[in-house]
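Read the structure below first, then the notes.
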Amino acid sequence: MNTTFVAPMGDRGRLVVPAELRQRQNWEQGTPLLFVETDRGVLLATREQAKALVRDQLRGASLVDELVDSRRAEARDEDRAEARDEDRAEARDEDRAEARDENRTSSRREDAR
């Protein structure tokens with residue numbers, strides 16, 4: 001059941017949880033409530049409700065599979081970076097070899113004069 005309730009913010013940031021919502025949720029005076037800030041807004045729940053929500057969200061998602069997928073992606077990125085570095089090193093070596101060859105050719109020309 002999804003219902004929207006309005007609770008205007010009062011003095012010093014105080015909120016009064018509407019009676020109907022308190023009754024539906026079985027929240028009594030003194031019940032500790034968590035304010036969970038997300039990218040999409042704020043969630044208000046008891047600790048038990050928040051735990052149940054997390055369990056429901058994780059159900060069906062294997063943390064091991066997520067970890068393995070994440071590690072594979074990291075390894076793939078590392079391999080690509082390594083290959084890029086090797087390509088750059090080869091290009092540098094080729095440039096140095098060409099420069100040496102040019103220097104030798106210039107030296108020979110000068111010696112021949």
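Every number in this text was worked out from the coordinates using simple rules, so none of it is lab data. For clarity, every value in this text was computed on a predicted model and none was experimentally measured.
Relative to the longest principal axis of the chain, what angle (0 to 90°, nearest 10) does the C-alpha long axis of helix 47-58 take? Helix 47-58 sits at roughly 40 degrees to that axis. For log10 I(q)/I(0) by the Debye sum over Cα atoms at q = 0.11 Å⁻¹, several values are listed as (i) -0.68; (ii) -0.43; (iii) -0.52; flag the one computed from this structure. So the calculated entry is the one marked (i).
Relative to the longest principal axis of the Cα atoms of the chain, the long axis of helix 63-112 lies at roughly 20 degrees. Each helix, a run of at least 4 DSSP H residues, gives -39500 (n - 2.57); summed and divided by the residues of the chain, these come to -21500 deg cm²/dmol at 222 nm.
How high is the relative contact order of the chain, in percent, with contacts defined as C-alpha pairs under 8 Å that are six or more residues apart?
In percent, rounded to a whole number, it is 9.
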